Every structure is written in structure tokens, then in C-alpha cells.
Amino acid sequence: MAEPSRRTYPPRLREIQAQEEAEQQATAERRKRRRLRIIVPILLLLLIPLGYGLLERNVFRPKVDPTVDRRHMRVHADEHIQINVVNACGADGIAKKFSEFLRARKFDVPEYGNAEEVRFQSMVIDRVGDSVSAQKVAYALGIPSERVVTEIDSSLYVRATVVVGSDYTTLRPMQ
């Protein structure tokens, strides 16, 4: 029996096929490059904010170490520190959020509400001359002790007033 003959293509047809394959490969390469030109900027747009967020959180503003021994700053079970919280930042629901945060840490918050004027910095106002209680409230919220002031007002029936300013996002209840 005779072997089936192999079909041979003329040289010109082989050249045309080679050119078509080269064009297909070039088209595939262009598509890959086009995809990369789209994907790389998108990845950069996603990675830059994430990298900045990590730097911000870990380098520029690291969290306070919760293991620091601050026994004198803790509220004891038999201690009743009554405070009111005033929202002076203009955002809705912030006084309620701060009140819930303080109640979870054994502070007595009988009332919270909104201030008439907007303030930029949060502060704690000592209302009865008990600076230790005011300092405990400031410590719980992450407000620096320099922003604890004394303005005695016995008509309020609270030991301290927390004024939540526009810097509320830097305080512990928001972290």
C-alpha cells in the first residue's frame, strides 16, 4: 500500500500564513500592553491610599498602648462620675455615640445634646472643682490634659461637661 501523500503548500502560501500568525501575535501583545496600561494605574490608585493609611495609622498617629498601667485613671464601681456630653462639632449623632462610649466605661451620662456654637477642639470642663474626675473623663476619651478647664457651675448637677469639637475623629470613641 502506498503512503498517503503529504500536502505541501507553495512557499508564497507559507509566507502568508507566517505573516498572519505574526499579526495575530502582535495583536495579542498589543492587547496585553493595553490591559497593563489600564490595570497598573488602577492598582496604583488603590495601593497609594492604602499605603498612606498604614503610614498614618502606624507612624504618624499610632494608637495608644492599652496596657499602660493607669490605675488612678480608672473609674471604680463605687465611684459615680456624672457628666453631660455636648456636641459642638455639627455632625449628627456624635453626642449619643460619645455618651454610649462613656457609659460602657462606667461613667454616668444623664444627658447629652447639641451646643449652640461649633468648636474646633474637644475639651472637658470641670463643673464642681473635682479635677481628678475631669482628668479621668479626658483620659477615657483621649483628650489631652491641657484641654481640661475648670468652670464651676453647680446648677448643672454634673461633675464635668464634655464638649465634642470638630477634632472628634481623632478621639477614642471614633477609633
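The values are calculated or read from the model by the stated rules, or taken from the named source; none is laboratory data. All values reported here derive from a predicted model rather than from experimental measurement. All Cβ positions, glycine included, derive from the backbone under ideal geometry; neighbour counts span all protein chains shown.
Summary table
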quantity: Hits in the stretch 150-175 - residues which are farther than 29 Å from Arg57 by Cα and among the hydrophobic types (A, V, I, L, M, F, W, C); calculated: Ile152, Leu156, Val158, Ala160
quantity: Extreme residue, surrounded by the fewest Cβ atoms within 10 Å (Cβ to Cβ), among residues of the stretch 133-175 that are part of a helix (DSSP H, G or I) and among the polar types (S, T, N, Q); calculated: Ser155
quantity: Of all residues making up the stretch 92-107, the number that are under 17 Å from Arg119 (Cα atoms) and of a type in the set (A, V, I, L, M, F, W, C); calculated: 3
quantity: The listed residue being aromatic (Phe, Trp, Tyr) and either modelled with pLDDT under 65 or closer than 14 Å to Gly142 by Cα (or both), out of Phe107, Phe98; calculated: Phe98
quantity: Any hit, the stretch 32-47, residues being touching a helix residue (DSSP H, G or I) at 6+ places or on another chain (Cβ under 6 Å) and either part of a helix (DSSP H, G or I) or at pLDDT below 85 (or both); calculated: no
